Each structure stands twice: as C-alpha cells, then as structure tokens.
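Take a look at the structure below.
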Amino acid sequence: MPIIERFTTHHVSIPFERPLKTGNHVYRDLENVLLEIHAEGLVGIGYAFNFAHRQAAAVRLLVEDLAEAMVGRTVADVRGHSASMWRQLNFIGQTGPSAMAMSVVDTALWDLFSRAQGMPLWRLLGPVRYEIELYPTGGFLADPIEALIEEAQKHCAAGYRRCKIKVGRPEWREDVARVEKLRAALGDDFGIMVDANQAWSVVDAIGAGRRFQELGVCWFEEPVSVYDVAGTSRVTDALDIPVAAGESVFTRWGHRDLLEAAACDVLMPNLMRCGGPTEFLEIGALAAGKHMQVSSHTFTEISAHLVAALPNATFSEYLPGWWEKLFEEQPDIERGMFRLPERPGLGLTFSRDIIDRYSRDR
C-alpha cells in the first residue's frame, strides 16, 4: 500500500447570498477547512466547515497537527490512524474542534485507502443500497413565507418526497402558522420536516410538536438543547411524530447517551462532529443494537457512502447550493435520489478555481 508523503490544507471562505437565520444562529459565510493528503500519486481529501473565521482557523491548525503525524505511514492502517489521533488528542479531549479535525483527517484517509484499492468507498464498505434518498433543507427563519412555499414547491416538482424547514422562534405559534400555510400550499402527500436547532424549552417543544402532529409534520429535529438529554427524551415520549437528534453531539459517546436514554426516534450523526467515517460507522452499529434508524446530517457527497453501508440508515440531508461549487464533480441527483459515484474513493476533487477565488490561506 502507498506511503503518505505530504499534505496540504486550505481555508476557503464562501459568502452566502443572504444571511441565513436559525433558531440559534445567523450565518453569513461558509468557512471551509480543506485537507489533501498525498501518497504516491494518490490524493485523499477531507473537509470541515464553520461559520466563524477564527474558529475555522483553529480547526485548521489541529488538522495540520494530526496530518503531520501521518507522514511516512502506510495508507492501509485507517483504523489504526484513527486510534492514533484519539491518543494524540487525549490531553485536550476529543470533542469540539478536536473531533472536527479528526473527522477531516479520517475522511481523507478513507478516501486514500479506497482510491488505493481502485474502488469507491461505498463499494469498499459493502453496500446494502446503491442510491440514497435525499431531503433538501431550506426555509430559514428570515425567509418570507412566500419564498418558503416557492422553494418547497420546486423541491416537490424536482421529485423530492419531503423537505425540511427551520423553526425555533421565541413564540412557537408563529412557526406553527408558517407550517399551516406551507401545508395548505403543498397538500397532504408531501413530507414536511421541521428543525428547531435546539431553540425551545421542553414545554414549548411539546406544545409546538403537538400542533405539528396535527399538521402532518413527519420529522421534528433538535427540539431542545443537545445537553438536555432527559428533556429530549420527554419530548420524544410526548409526541407521535419522530424526533431526530445527534447532529450536535461529538463522537460515539455523545450518541451513546442519546441511545441509552431513548431520547430520540432517529439518530442523525454529523460526519464532522462525530469524528469521521470511522466513528460514523461505530455510531451506526450502536444504533442498530438499539433498533434505531440513522439519517446523516449534511456532508451529503461523503455521508452517502456511509449511509449506503448501514442497514439501519434511511435518508440523507442535502443543502442545495452549499458545497457543490467546492468540488469539480457535481452530485448525480435524480428525482430526489443520490446516485453513488463509481469513481475511486469519494469520487471528489476540490475545485482549484474556488480555492483560488475564496482562499483565506495564511
């Protein structure tokens, strides 16, 4: 197997066309940390994102620290490299920026390993499915209801079966009113998913959730603080619609807490926060042991390889327009289904034009 020779990193800041508002944040720029690991003519890639320049810069430093330790080692020892990163970060801990940095390096290593085998990652892992159902996310809180309806109708026309919108206003009845208008415009057959981004108390989440149930909402994501595992469990127990959680917790241990408390109906690991493909697969196995479904959060082009290999996985989140320009290759999506690429590895290369245009390299 090839030997890792060197690595390069980039900080690419891509502005949004308009500020995006959730129940807890306002996003203006997509701060991407990119990694390329070189091994005897092969290049494996990984990336993480943030919404704050200095925070992304801190993640980049950690990525460089971890990647430097890989130079001179074989591409083959992917899980060994993951264990090595855990030990290397023991003093400062493996959550937060540490987990993000591990994810970047771990993703690039899996990309390299499958490229060296001459096959796509999803085939290397052994798939149970060959295409992944996607749901697009949009409908941010600052968007007027007319724009939200128009966006959802476009998704419906494109063949998607469901889409997700943001909720989480201080007065939850305002969000219910928006969902009522959206449901009236879309009819009963199209799936509406809502994401509160941890904005509500348990009482408000249950009140809103019961109204969402009446409107046929099919998914209620992060209703309360990620740290309130007991509260999330209370919301899940009180409602009939599926409650999803997990995107904001780090590593398998954070997801284990949700599983042991039966705090949600769907576990949704985020590739970047969970620690990379190695941890993602561990989380999927933990969830399977609890008979719980898994649905990946963002990182569609990469997460789809992992979702394809998990028997208990369902569909993946897709944020149109967020990352397509970051890659030379465009996702193959038809009628709401992501067709897994046959190119080796992740099947992705970073766009040099985008790196040059939006670089914040030192």
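Where a number appears in this text, it was derived from the coordinates with a stated rule and is not lab data. From a predicted model like this one, the values you see are computed outputs, not experimental measurements. Note that each Cβ is placed from the backbone with ideal geometry, even for glycine, and that neighbours are counted across all protein chains shown.
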For region 57-125, listing chymotrypsin sites (Phe, Trp or Tyr not before Pro) in a DSSP loop whose Cβ sees at most 16 other Cβ atoms within 10 Å gives Phe91
Per-bin percent of Cα-Cα distances, region 122-339 [5 Å] = 1, 7, 16, 19, 20, 17, 12, 6, 1, 0
For the chain, list the DSSP H helices whose alpha carbon atoms reach 20 Å or more along the long axis and whose average Kyte-Doolittle value is -1.0 or above?
-> 53-68, 97-116, 172-186
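Starting from the Cα-Cα distance between Asp240 and Ala288, subtract it from 0.36 nm times their residue separation and give me the gain in nm to one decimal.
Values: separation 48, 0.36 × 48 = 17.28 nm, distance 2.12 nm.
The span from Asp240 to Ala288 would gain 15.2 nm if fully extended.
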Can you tell which of Asn50, Asn312, Asn90 shows the greatest fluctuation in a Gaussian network model of the chain with Cα springs below 10 Å?
-> Asn90
Mind giving me the nanometre distance, one decimal, between the label points for Asp353 and Ile92, set 7 Å out from Cα along Cα→Cβ?
-> 3.6 nm
Cα-based Rg and Dmax for region 106-190, in Å, come out at 19.0, 54
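Could you please report the charge total around Ile45, scoring K, R as +1 and D, E as -1 over all other residues with beta-carbon less than 13 angstrom from its beta-carbon?
Working: positive: Arg115, Arg343, Arg352; negative: Glu36, Asp106, Asp111, Glu301, Glu328, Glu329.
Local net charge: -3.
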For region 279-343 versus region 172-211, the gap between their alpha-carbon centres in whole angstrom | 25 Å
Write down the Kirkwood hydrodynamic radius of region 160-253, to one decimal in angstroms, obtained as one divided by the mean of 1/r over all alpha carbon pairs.
-> 13.3 Å
Could you give the distance between the Cα centres of region 49-82 and region 114-166, to the whole Å?
-> 27 Å
